[in-house]
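I have placed the structure first, in the form of structure tokens, so that the comments after it can refer back to it.
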Amino acid sequence: MVPISQKDIPHEIIKELGAISNINFPRQGHTSDVGIIDSAKGLAVLKRTKGNQYSGCLRRESFILECLSQTPIRVPDVLQFIQHEDENEGIQSWLLMEYLQGETIRQILTNENDSATRYNILFDFGKSLRELHSIPCPDELKNGGKWIDIMLSQAEYNLGHYKVDGTAALLEKLISKKPAVFEQTLIHGDCTIDNFLVHEGRISGIIDWSGGAHGDPRYDVSLAIRPKPNVFQSSKDHRAFFDGYGKKIITDEEYEYFEDGLYAFF
């Protein structure tokens, strides 16, 4: 089944792109349909979401990308955002973005066993994340509250309104055993090996920004080192990442809190 067909694309986006010659579909998660559009104006990325929850996330991603466009972080430029009500599908949102060259860290390393190549990419992953955490957070992304309390409140809402992996018992545990306070920074919020692109051996861009916030950098680090097939399943991978990051800022308990706990509600 084709996630996005040309006949589904709003006319405003067709007008922006010109004639479309091809649509490719990269590996993606469950929250949106993603197509790489080859058109008269070159390559672009088009994301579509359906329903209130995911359409709200896409609208936020568009807003965050606009905020980050004034920073040194290499993120896609927003070309167009459209949200409308469909008689059959309900709310749909469309985000048209610049295409960034590169493959994801997962794509590069899943079948890569050369130790030097792996070290260099994961070192650059850690270095890029540390640089992200060091950039002043745009004022528009600051809300004056504690990120962890906002996330726990959202987790409670998500548990009551959407299908999530977390449970009421887990949420109660997370609320009662919050980790020690840590200085908030700009964070990605979904910092996985699927969202950092690699081109010519270096990190070339960062995508999927709906979770961007002024938050706890330990959350990013926890998600970054989640084990995946042939990635972060060895101490060498972890050492390369933290060599690049410059230091290890999480304990095993904090990793479990964020990766095995909080993330289950998002």
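Values for this structure:
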| read-out | value |
| --- | --- |
| Filtered residues of the stretch 63-103 (kept if farther than 25 Å from P138 by Cβ and crowded, with 18+ Cβ neighbours inside 10 Å) | Q92 |
| Answer from G166, G126, G144 - the residue that is small (G, A, S), farther than 18 Å from Y263 by Cβ and buried (at least 17 other Cβ atoms within 10 Å of the Cβ) | G126 |
| Selection status of S210, open to solvent by less than 50 Å² (accessible area, probe 1.4 Å), of a type in the set (S, T, Y) and not in a helix (DSSP H, G or I) | yes |
| Any pair with Cβ under 7 angstrom, 6 or more apart, that starts in the stretch 244-266 at a residue that is of a type in the set (A, V, I, L, M) and ends at one that is open to solvent by 90 Å² or more (accessible area, probe 1.4 Å) and in a loop (DSSP other than H, G, I, E, B) | A264/D165 |
| Tabulated pairs, the stretch 84-98, first at negative phi, second among the aromatic types (F, W, Y) and assigned to a strand (DSSP E or B), C-beta under 8 angstrom, 6+ apart or interchain | S93/F81; W94/F81; L95/F81; L96/F81 |
| In the stretch 147-160, residue most open to solvent (accessible area, probe 1.4 Å) [restricted to those that are touching a residue at least 12 places away in the same chain (Cβ under 8 Å) and over 15 Å from G189 (Cβ atoms)] | E156 |
| Selection within the stretch 181-222 - within 19 Å of P26 (Cβ to Cβ), polar (S, T, N, Q) and touching an Asp or Glu at 6+ places or on another chain (Cβ under 6 Å) | N195, S210 |
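The values are calculated or read from the model by the stated rules, or taken from the named source; none is laboratory data. Model, not experiment: these values are computed from the prediction. Here Cβ is always computed from backbone atoms with ideal geometry, including for glycine, and neighbour counts include all displayed protein chains. The protein model used for the area step is the full one, side chains on, heavy atoms only, and it has no ligands, DNA or RNA in it. Shrake-Rupley method; radii C 1.70, N 1.55, O 1.52, S 1.80 Å.
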